[in-house]
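Reviewing the structure listed below.
Where a number appears in this text, it was derived from the coordinates with a stated rule and is not lab data. Quantities reported herein were computed from a predicted structural model and do not represent experimental measurements. Ideal geometry is used to build each Cβ from the backbone, glycine not excepted, and the neighbour counts take in all protein chains shown.
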Amino acid sequence: MIYKIITDTPLDIIKKELAEHSKEGGFGVLGSYEFQKILQTKGFTLDKDITVYELCNPHAAHEALQAMPEISVYLPCRISLYEENGKTVLATIDINDIMNSIEVDADFKAHMQRVFAYLQNVMNSWK
């Protein structure tokens, strides 16, 4: 259900480069959520620096939403970044698992697999 890669590239470098690498894959960064800061304002302490970035490929999103509006619950695409055991982890929802768990036609499934491949390419930029 979760696709993740682990890299030696420092977390702060990936944060700085994510927008540029996303553009290369046809995505734009819509926003980000720094959970450590968000939870701190709510009175909770989080030891890990976990940031989630929302990414959108407008053309791909348009096609997906036209074909299956309920896919919107999985949009926009998200990449989570955090450190674990001295390495940086990039994680996202495995779209292939989702496509295999719901009834969709072959064209839609192929479209979503292409979107996931683009997202994987972005994530693998630091592998």
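Using the Karplus equation 6.51 cos²θ - 1.76 cosθ + 1.60 (θ = phi - 60°), what ³J(HN,Hα) coupling, rounded to whole Hz, does each residue of segment 86-95 give in order, writing x for Gly and Pro?
So the J values, rounded to whole Hz, are x, 10, 9, 10, 10, 9, 8, 6, 7, 4.
Calculated FRET efficiency, residue 12 and residue 117, Cβ-Cβ r, R0 35 Å, to nearest 0.05? Before the final figure, lay out each step's value.
Numbers: r = 27 Å, r/R0 = 0.77.
Approximately 0.80, to the nearest 0.05.
Projected onto the charge dipole of the chain (+1 at Lys/Arg Cβ, -1 at Asp/Glu Cβ, origin at the Cα centre), which of 121, 82, 101 gives the Cα projection farthest towards the positive end?
Comparing the listed Cα positions along the dipole, 82 ranks first.
Apply the Karplus curve 6.51 cos²θ - 1.76 cosθ + 1.60, θ = phi - 60°, to the phi angles in segment 72-84 and return the couplings in whole Hz, x for Gly and Pro.
The phi angles translate into 4, 5, 9, 10, x, 5, 10, 10, 9, 10, 6, 9, 8 Hz.
Calculate, for residue 97 and residue 23, the FRET efficiency according to 1/(1 + (r/R0)^6) with r their C-beta to C-beta distance and R0 22 Å; round to the nearest 0.05. Could the numbers behind the result be given before it?
Numbers: r = 27 Å, r/R0 = 1.21.
That pair, residue 97 with residue 23, gives E of 0.25.
Work out from phi, with θ = phi - 60° and the Karplus expression 6.51 cos²θ - 1.76 cosθ + 1.60, the ³J(HN,Hα) of each residue of segment 37-53, listed in order in whole Hz, and give x for Gly and Pro.
Here the 3J(HN,Hα) series is 6, 4, 5, 4, 5, 9, x, 10, 9, 10, 6, 8, 8, 10, 10, 10, 9 Hz.
In units of 2.2 N^0.38 Å, what is the alpha-carbon radius of gyration of the chain?
Numbers: Rg = 15.3 Å, N = 127, 2.2 N^0.38 = 13.9 Å.
Its radius of gyration relative to the 2.2 N^0.38 Å reference: 1.10.
Non-local amide H neighbours of residue 50 (under 5 Å, H modeled in plane, Pro and chain starts lacking H): which ones?
35, 36
How many lysine pairs in segment 2-126, separated by 8 or more positions in sequence or lying on different chains, have Cα atoms less than 27 Å apart?
Taking segment 2-126 as the scope, the lysine pair count is 22.
Taking only Cα atoms, what is the 0 to 90° angle, nearest 10, from helix 58-67's long axis to the longest principal axis of the chain?
50
Return one number: the angle in degrees, 0 to 90 and rounded to the nearest 10, between the long axis of the Cα atoms of helix 11-24 and the longest principal axis of the Cα atoms of the chain.
20
Quote to one decimal, in nm, the extra length available between residue 59 and residue 1 on full extension: 0.36 nm per residue of separation minus the C-alpha distance between them. List each step's numbers first, then the result.
Values: separation 58, 0.36 × 58 = 20.88 nm, distance 2.45 nm.
That works out to 18.4 nm of additional length.
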